[in-house]
Every structure is written in C-alpha cells, then in structure tokens.
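Peer 1: Below is a structure I'd like to ask you about.
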Amino acid sequence: MFGPAALPDLLSEFLVSDEANKRAVSVQVVQRTGDGIVRGIATTEVDAVPRGATVLNTGQQTPTPIYQIFLKNGRPISPIR
C-alpha cells in the first residue's frame, strides 16, 4: 500500500521480482482504487506473482503504454479507463 504522498501516477512502471523464474516482471499502473492501492497490468509474460514479492518503482512511465499496443491488423486497442 502507498501513502497519500507516494501514490504512483497512472502509467508508471513497476518491476516485480519473479524469484521462481529469476527475472523481473514489468507492471503498468492503470488504476488508483483508493486507500493507497493501485491496479496494474503486467506488460511482460507472467503466470503468477507470489504475495510478498519485491516491487521496485522505476519512477518512469512505461515505454509502451497499454493503450498504444496495436492489433496485428494495425488497429489500436481501446485505452483502458
């Protein structure tokens, strides 16, 4: 949970430690749900992330926001709201 002053901006990038696979999972903040909690979408392939995993706030926006991802036919996916 985040304090009121530390609540991350939308589209911020976090790296979540995936110890089992010895890598970091990139997560994009897409919603502030209230009470210091945010919802994110993994932008790298992941099956699951265990509770208590280490999370690093990169302090940057994701290089490819989820709403800029395109389908194979070239049409953009609608932005998440």
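Quick note: the coordinates plus some simple rules give every number you see, no bench work behind them. Worth saying up front: this structure is predicted, and the values here are computed from it rather than measured. When we count neighbours, we look across all protein chains shown, and the Cβ atoms used for this are built from the backbone with ideal geometry, even at glycine.
Peer 1: What's the magnitude of the charge dipole for the range 18-61 around its Cα centre, counting Lys and Arg as +1 and Asp and Glu as -1 at the beta-carbon? Answer in Debye, nearest 20. Write down the numbers at each step before the final one.
Peer 2: Numbers: 5 positive and 5 negative charges, 21 e Å.
Magnitude of the dipole: close to 100 debye.
Peer 1: Could you order the peptides 8-14, 20-26 from most to least packed, using the average number of other C-beta atoms within 10 Å per residue? List each step's numbers first, then the result.
Peer 2: Working: 8-14: 16.1, 20-26: 14.1.
Taking the mean over residues of other Cβ atoms within 10 Å, the ranking is 8-14, 20-26.
Peer 1: Quickly work out the Ala42-to-Ala5 label distance, labels modelled 7 Å from Cα along the C-beta direction, and quote it in nm with one decimal.
Peer 2: Label at Ala5, label at Ala42, 3.4 nm between them.
Peer 1: Further question: Need one word for the range 1-57: rounded, prolate or oblate. Basis is the Cα gyration tensor (sqrt eigenvalues a ≥ b ≥ c); a/c below 1.5 gives rounded, then a/b vs b/c decides. Provide the component values of the computation, followed by the final result.
Peer 2: Working: a/c = 2.22, a/b = 1.77, b/c = 1.25.
Taking the square roots of the gyration eigenvalues as a ≥ b ≥ c, the range 1-57 is prolate.
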